[in-house]
Structures are given as structure tokens and as C-alpha cells.
Amino acid sequence: GEDVEQSLFLSVREGDSSVINCTYTDSSSTYLYWYKQEPGAGLQLLTYIFSNMDMKQDQRLTVLLNKKDKHLSLRIADTQTGDSAIYFCAESYSISGGYNKLIFGAGTRLAVHP
Amino acid sequence: DTGVSQDPRHKITKRGQNVTFRCDPISEHNRLYWYRQTLGQGPEFLTYFQNEAQLEKSRLLSDRFSAERPKGSFSTLEIQRTEQGDSAMYLCASSPSVLSGRTYEQYFGPGTRLTVT
């Protein structure tokens, strides 16, 4: 079955790097995603990685994918207070017809302190 | 491009009442999804539309739930005879067509928070 696991909480100091980890179960997932949710808001697509890649960098964000271990991580460099939010990992579950149903983890709450 | 919009943002209703939510996807996105998010959890898939056709429904979508996308643009989600367990955030997302080469990108709206008392 499909399942995505994340640690629930991470606290970092402003200026440090944050690393949020995720494990997933569906080895046929085509894309893996990171979304950010601020209080009372919807989900913001941060970045995603195709399953045949092992790394993707986008400004302060670095995504690492270990397909063998089904492990995904998001590194945020120079973490700022504005990065405080809940971060969701998601895997895509492709249905015949070509659309992608996203399976989400429960989210990791990132707290950035001075 | 103004993003996905949802209306209302908040809805408080009494148990047993019917409610309807609206989602306007990003223009020219032909794929539309509904998800439900309960407190402390990630979103869970409810249903999917490609243009006006509803192609997939989750088992979470009981008979009291119905979704439509009559002209392939905006979508509505109706819950009949609401129950306290329906209290959640209802999120809509849209993605572009396969022809765009970016159909795997899902963009979410701000959600409608439903409270059933």
C-alpha cells in the first residue's frame, strides 16, 4: 500500500541548515514533492523531483532522493524565520489515464528560533 | 494567473445541514482535484476531474458527498446531511494538461475550513 512517513517536529536556529526527512513505500512513484503550509493557508508547491534523479537544487533548497531506500530529504540552507511552517512530503500515485493522485505524509513542523 | 481560489474560506454549519464549496482552478488547467485535510494530518485525496469528467473517487467520498465540474472550469463539492466527522479543511488543486509537459505540478488553493457543530 501507499504510505509516507515523516518526523513530526524540527527546531533549528536562524542561519543554520534544516534537513527534513521522509520515507515512502510506493517504488513506482514517478514524482516526489515537497509542499509548505503556513498557518491557515493552503499548500505551496516548493519543489519536486523525478524518480530517475537523485538530487535537485533550487536556490536555498536541495532535494536528495535515495530510491533504493525510498528516502527523500529536503535541505533548506540559511534557514530564516519565514521558513517556519509545516512541510509535507508527497509521492505521486499514477492512475491509468495519466493523472497523479498525491499521497501525503503527516507533515513536519519546522520551528526557526533566533 | 491568480492561482486557485476557493469560496468560502470558512463555513460553520449545524449537523444535518447541507453545504456547498466552490473551487476556481488556474485558468487553462484542465485537471482538478479535491483533497480533505484533518487537524494534524496531511491532505487525503477525494476525487479527480479531467475537464468535466469525474474520473476517480476515493472511498472516503461517501454517498453524502457529490462533486461536479459542469463546464470543465469551476468545480463544486457538496456535502449533504453534514456530520461532526466532516469537520476538516477541504482543499482544491489544479494542474495543467499533459500537453503542457507539467501535468505533474499540482497547485493548491487556500482551502475551505468546515466546522460542523
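The values are calculated or read from the model by the stated rules, or taken from the named source; none is laboratory data. Nothing here was measured: the structure is a model prediction, and the numbers come from that model. Ideal geometry is used to build each Cβ from the backbone, glycine not excepted, and the neighbour counts take in all protein chains shown.
Given segment B:10-53, what strands (runs of 3 or more DSSP E) lie entirely inside it while holding 1 or more residues that are facing another protein chain (nearest Cβ under 10 Å) and touching a residue at least 60 places away in the same chain (Cβ under 8 Å)? Full working, then the answer.
On the way: elements: B:10-13, B:19-24, B:31-37, B:44-50.
The qualifying strands (runs of 3 or more DSSP E) are B:10-13, B:31-37.
Which of (1) away from chain B (no Cβ under 14 Å); (2) among the acidic types (Asp, Glu); (3) within 30 Å of residue B:48 (Cα to Cα) is the odd one out, the single condition residue A:5 does not satisfy?
(1)
Identify, please: which residue in segment B:77-117 is under 21 Å from residue B:37 (Cβ atoms) and exposed (fewer than 14 other Cβ atoms within 10 Å of the Cβ) and is, among those, nearest to the other protein chains (Cβ to nearest Cβ)?
The qualifying residue nearest to the other protein chains (Cβ to nearest Cβ) is B:115.
For segment A:28-114, which strands (runs of 3 or more DSSP E) that fit wholly inside it have 1 or more residues that are small (Gly, Ala, Ser)?
Values: elements: A:31-37, A:43-50, A:55-58, A:61-66, A:71-76, A:85-95, A:99-104, A:108-113.
The strands (runs of 3 or more DSSP E) meeting that bar are A:71-76, A:85-95, A:108-113.
Just one of the numbered conditions (1) touching a Cys at 6+ places or on another chain (Cβ under 9 Å); (2) surrounded by fewer than 21 Cβ atoms within 10 Å (Cβ to Cβ); (3) closer than 25 Å to residue B:95 by Cα; (4) not acidic (Asp, Glu) is not true of residue A:7; which one?
Among (1) touching a Cys at 6+ places or on another chain (Cβ under 9 Å); (2) surrounded by fewer than 21 Cβ atoms within 10 Å (Cβ to Cβ); (3) closer than 25 Å to residue B:95 by Cα; (4) not acidic (Asp, Glu), residue A:7 violates only (3).
Step by step: first the residues of segment A:60-76, then only those that are in contact with an Asp or Glu (Cβ under 9 Å, 6 or more places away or on another chain) and surrounded by 13 or more Cβ atoms within 10 Å (Cβ to Cβ), then the one that is farthest from residue A:5 (Cα to Cα). Which residue is that? Working first, answer last.
At the first step, the residues of segment A:60-76 found to be in contact with an Asp or Glu (Cβ under 9 Å, 6 or more places away or on another chain) are A:60, A:64-67, A:70, A:72, A:76.
In the following step, the residues that additionally are surrounded by 13 or more Cβ atoms within 10 Å (Cβ to Cβ) were identified as A:60, A:64-65, A:67, A:70, A:72, A:76.
Details: A:60: 24, A:64: 16, A:65: 15, A:67: 15, A:70: 11, A:72: 10, A:76: 19 Å.
Only one residue fits best here, namely A:60.
Whether any residue in segment A:90-101 is within 16 Å of residue B:104 (Cβ to Cβ), without any contact (Cβ under 8 Å) to a residue 60 or more places away in the chain and out of contact with any strand residue (DSSP E or B) (no Cβ under 9 Å at 6 or more places or on another chain) is what I want to check. Break it down stepwise before answering.
Narrowing segment A:90-101 to residues within 16 Å of residue B:104 (Cβ to Cβ): A:90-101.
Going one step further and asking which of them are without any contact (Cβ under 8 Å) to a residue 60 or more places away in the chain, we end up with A:95-99, A:101.
Checking the rest, the ones that are also out of contact with any strand residue (DSSP E or B) (no Cβ under 9 Å at 6 or more places or on another chain) come to A:96.
Yes: segment A:90-101 contains one or more residues that are within 16 Å of residue B:104 (Cβ to Cβ), without any contact (Cβ under 8 Å) to a residue 60 or more places away in the chain and out of contact with any strand residue (DSSP E or B) (no Cβ under 9 Å at 6 or more places or on another chain).
Under the condition of being among the charged types (D, E, K, R) and under 25 Å from residue B:111 (Cα atoms), which residue from segment A:36-59 is surrounded by the most Cβ atoms within 10 Å (Cβ to Cβ)?
Initially, segment A:36-59 is screened for residues among the charged types (D, E, K, R), giving A:36, A:38, A:54, A:56, A:58.
Checking which are under 25 Å from residue B:111 (Cα atoms) leaves us with A:36, A:38.
On the way: A:36: 20, A:38: 12.
Only one residue tops the list, namely A:36.
Of the numbered conditions (1) assigned to a strand (DSSP E or B); (2) among the charged types (D, E, K, R); (3) modelled with pLDDT of 95 or more, residue B:56 fails exactly one; give the number of that condition.
Of everything listed in (1) assigned to a strand (DSSP E or B); (2) among the charged types (D, E, K, R); (3) modelled with pLDDT of 95 or more, residue B:56 misses just condition (3).
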